[in-house]
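Peer 1: Have a look at this one.
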Amino acid sequence: MPKKVSCIIGPPGTGKTVILAAIVYNIYKNYKDAKILVCSNSNYAVDQAALKIAQIKELKDKTVRFITESRENLYDIKKEKDKIFYELTLLNKIQTSDIEESIILKKMIEDFENLNQNEIEDLVKMRKKIEDLILSKCNIICSTIVSSVDQRLSNQRYDYVVIDESSQVKDYDVLIPILKGCKKVVLIGDPSQLGPVYRNDLTIEGPKSMIERLSTINNIRFELVNQYRMHPRILRMPNEIFYGGKM
């Protein structure tokens, strides 16, 4: 994909998330120092992308599932699926890190009630330093579009930005993760599914999504047509009505 912008169009069941993970892996394999931001509109979509990426052995320790601090403790680690997601969070990587500052931070938190104001301020600064250190060692950051501009990520710069489910993302939201600049943007989605919703007093319809408009440019459009999820009889109707019989 030599172009600065690529659009991957994939109907349901064509393996968009697998392709996303493969793209991330190939970028990492060829450019070990590359920083990659993987994002989407919803936490669910980001969770699924992060999970698929982390299933690649080489990428698990290089991946951070970045979420707001208010959600970091919502995972129930007794549940196997939640445990997997939690292991990817920045909070867990801080808690399990063996760097010297992290060990000191743990001791300070354990003795938090006895800390004076200056020590609390030192604790906050130390956590920020550890966060930056851990993030600097991780090539892949997975977050929602809104969280990609979280203050804790303020020092991060990305070479590649991959936006999943981008057919549901408003134009101005697509711009958020690429504001700091990047070498390449990959938009993944299906314009034939639910598009972005614009609400006002008159209508809930709005302009087409960015991927829908950009995908009309042939040399940046890539289509996934092999369907792995549905029985052929179930596939027949949507294939004929929405996808021109390509699947």
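The values are calculated or read from the model by the stated rules, or taken from the named source; none is laboratory data. Note that the coordinates shown come from a computational prediction; the quantities given were computed from them, not determined experimentally. Because the Cβ atoms are built from the backbone with ideal geometry, glycine has one as well, and the counts that use them run over all protein chains shown. Only protein heavy atoms, including side chains, enter the accessible area calculation; ligands, DNA and RNA are left aside. Shrake-Rupley method; radii C 1.70, N 1.55, O 1.52, S 1.80 Å.
Peer 1: With the condition being more than 23 Å from Ser147 (Cβ to Cβ), open to solvent by 20 Å² or more (accessible area, probe 1.4 Å) and at pLDDT 95 or above, I'd like the helices (runs of 4 or more DSSP H) fully within segment 14-70 carrying at least 2 qualifying residues.
Peer 2: 16-30
Peer 1: What are the pairs with Cβ atoms under 6 angstrom where one residue, in segment 7-29, is of a type in the set (A, V, I, L, M) and the other, located anywhere, is open to solvent by 40 Å² or more (accessible area, probe 1.4 Å)? Sequence gap at least six, or different chains.
Peer 2: Short answer, once both residue conditions are applied: Ile8/Phe222; Ile9/Glu223; Ala21/Lys52.
Peer 1: Shifting gears a bit: Testing Glu121 on (1) crowded, with 21+ Cβ neighbours inside 10 Å; (2) without any contact (Cβ under 8 Å) to a residue 12 or more places away in the chain, one condition comes back false. Which one is that?
Peer 2: Of the numbered conditions (1) crowded, with 21+ Cβ neighbours inside 10 Å; (2) without any contact (Cβ under 8 Å) to a residue 12 or more places away in the chain, the odd one out for Glu121 is (1).
Peer 1: Restricting segment 88-103 to residues that are of a type outside the set (Lys, Arg), assigned to a helix (DSSP H, G or I) and touching a residue at least 24 places away in the same chain (Cβ under 8 Å), which is surrounded by the fewest Cβ atoms within 10 Å (Cβ to Cβ)?
Peer 2: Glu101
Peer 1: Still on this structure: Given the conditions (1) under 22 Å from the mean Cα position of the chain (by Cα); (2) under 20 Å from Ile99 (Cβ atoms), report the number of the one that Met126 does not fulfil.
Peer 2: It fails just one condition, (1).
Peer 1: Here's a follow-up. Looking at Leu135, Leu187, Leu214 in this structure, which one is hydrophobic (A, V, I, L, M, F, W, C), surrounded by 13 or more Cβ atoms within 10 Å (Cβ to Cβ), in contact with a strand residue (DSSP E or B) (Cβ under 9 Å, 6 or more places away or on another chain) and over 29 Å from Gly13 (Cβ atoms)?
Peer 2: Leu135
Peer 1: Do we have any residue at all in segment 187-204 that's among the hydrophobic types (A, V, I, L, M, F, W, C) and at pLDDT 90 or above?
Peer 2: yes
Peer 1: Given the residues Tyr160, Tyr198, which is the only one that is surrounded by 17 or more Cβ atoms within 10 Å (Cβ to Cβ), of a type in the set (Phe, Trp, Tyr) and closer than 29 Å to Phe66 by Cα?
Peer 2: Tyr160
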